[in-house]
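Accompanying notes for the structure given below.
The values are calculated or read from the model by the stated rules, or taken from the named source; none is laboratory data. Values in this document were obtained by computation on a predicted structure and should not be read as measured data. Methodologically, a virtual Cβ is constructed for each residue, glycine included, from the backbone with ideal geometry; neighbour enumeration extends over all protein chains shown.
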Amino acid sequence: MFAYVARQPIFDVDREVFAYELLFRIGEDNCFPDIPPDEATSKILTSTHLSLGIEEITGDKKAFINFHRDTLMFRFPTSLDASKVVIEVVETVDVDDALIAACKHIRGLGYPIALDDYDMDGKWEAFIPFTSIVKIDITEIAHEEIPALVKRFKSNKIKLVAEKIETYEEFHTFKEMGFDYFQGYFLARPEIVRHRKIGPNKLTMLELLSLSSQANLNLAKVQAIVERDPSLTYLLLRFINNPMVNKRHKINSLKHALNFMGEVEVKKFISLLALANLSDGQPSELMQMALVRAKFCELVYLAVNKQKSAHSGFLVGLLSLLDAMMEQRIEDVVSKVPLDDDVKDALCGRHNVLRECLVLSTQFEIARWASIKQFSAKHGISQSLLHSYYNEAIKWAKHLHNAALEKT
């Protein structure tokens, strides 16, 4: 049984990831067509999490997981590690004394309980004494009513998540109201309020990025740039010694590393390194998202266009959040780097296959399964393969972020 997963970050007030909400499905069609999707999610999870491994998807962050009535009544959440999950009670459940008792028992075993999409219905009153987190969809409750809810929940020591936060303005508004966590696409949308100055170090990074985008890589120039900065040499050695890249050989010199890696992997490394430095000062999740997109777009683009360079797909995914990182229009950012026209077009929103691959990656981020199915049909790539690519990209990004891009 193969599990497909989308993960949606939940941020804290500093815009760093606190947890991920996981959304699962299985098979080529709708997984359980005759039951609600949230029930299907919990059933799929409880039957596959041991083989999939939650930690492979969330790293060291908690996983918020939706559970429906049946799975709560049968105590399915207790098969998970209480330190790694938050049990979301979905808003559609039928509440009675039996369900309340089951949730209270689960909480007593150490599992945090969250009320998903809280709708102010009186049926939730009995849950308040043992609830740890309440999630509020800001599009479903009148904003003038929310401050009173915040005050009440805070008095009960309950943490609050604001859902459907799509802009920085909304993030700041609900942060000021007292919300603890935030879920939505706001982080990936740039707040262009100033022009970030590009200093000498970032110019070096742009020089590296330019080299990585050229058809024929000049390894001598790469070596000249890297060897004048000990920290770059160290990061290169960290990258090549990462088991996700190299499982058998130990590399202990710059020349050896460059020769061993070859042009494709060197291009990939310097692209990653450049982006890591250009995104300095921004939330780490932007870099994580860019890494996932890079690997995913590389794999998909290679599957769609076997005759083309997979690095173009990698580069499109990697640079897709550069506008949010640099707080500039994407058109202005890419104009500073001599990228291939197809890559520039894809990043700037003009239609081509690279753009389709990038859009597909965003569909995974928001669990838009219907769009994924359409891409699968159009390009003759099975949904199973696309989902396996996304799972692989998440794992790859986690390893790279931890091992290759760690600051010295």
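Starting from residues that are outside any helix (DSSP H, G or I) and surrounded by fewer than 17 Cβ atoms within 10 Å (Cβ to Cβ), keep the ones in segment 331-348 and report whichever is modelled with the highest pLDDT. Selected residue: Cys348. With respect to the conditions (1) surrounded by 14 or more Cβ atoms within 10 Å (Cβ to Cβ); (2) at pLDDT below 95, Arg107 lacks only one, and its number is (2). Annotation: of all residues in segment 139-164 being out of contact with any Ser or Thr (no Cβ under 9 Å at 6 or more places or on another chain), assigned to a loop (DSSP other than H, G, I, E, B) and of a type in the set (A, V, I, L, M), the one that is nearest to Glu88 (Cα to Cα) is Ile141. Elements of the type helices (runs of 4 or more DSSP H) sitting completely within segment 10-81 and holding at least 2 residues that are at pLDDT below 55: these cover 37-52.
Listed here are the residues, each with its yes/no results for (1) outside any helix (DSSP H, G or I); (2) assigned by TED's automatic domain parsing to the domain that holds Ser388; (3) at pLDDT below 90; (4) crowded, with 21+ Cβ neighbours inside 10 Å.
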| position | (1), (2), (3), (4) |
| --- | --- |
| Leu286 | no, yes, yes, no |
| Ala290 | no, yes, yes, yes |
| Ala294 | no, yes, yes, yes |
| Cys297 | no, yes, no, yes |
| Tyr301 | no, yes, no, yes |
| Lys308 | yes, yes, yes, no |
| Ser312 | no, yes, yes, yes |
| Leu315 | no, yes, yes, yes |
| Leu318 | no, yes, yes, yes |
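Restricting attention to segment 131-156, the residues that are within 27 Å of the chain's Cα centre (by Cα) and basic (Lys, Arg) total 1.
Restricting attention to segment 54-89, the residues that are within 25 Å of Glu16 (Cα to Cα) and either without any contact (Cβ under 8 Å) to a residue 12 or more places away in the chain or not aromatic (Phe, Trp, Tyr) (or both) add up to 22. Screening Thr131 with (1) of a type in the set (Val, Ile, Thr); (2) at pLDDT 90 or above; (3) exposed (fewer than 14 other Cβ atoms within 10 Å of the Cβ) gives one miss only, at (3).
Somewhere in segment 148-158, is a residue closer than 17 Å to Phe186 by Cβ, out of contact with any Asp or Glu (no Cβ under 6 Å at 6 or more places or on another chain) and not acidic (Asp, Glu)? No, that holds for no residue. Residue pairs whose Cβ atoms lie under 6 Å apart, separated by 6 or more positions or on different chains, with the first residue in segment 340-356 and free of Cβ contacts under 8 Å to residues at least 40 places away in the same chain and the second outside any helix (DSSP H, G or I) and among the polar types (S, T, N, Q), are Asp342/Asn352; Asp345/Asn352; Ala346/Asn352.
Residue by residue through segment 360-383, note down the ones that are surrounded by fewer than 17 Cβ atoms within 10 Å (Cβ to Cβ) and under 14 Å from the mean Cα position of the chain (by Cα). Residues satisfying the conditions are Thr362, Ile366.
The conditions of being at negative phi, in a helix (DSSP H, G or I), in contact with a Leu (Cβ under 7 Å, 6 or more places away or on another chain) and among the polar types (S, T, N, Q) are met by Ser376.
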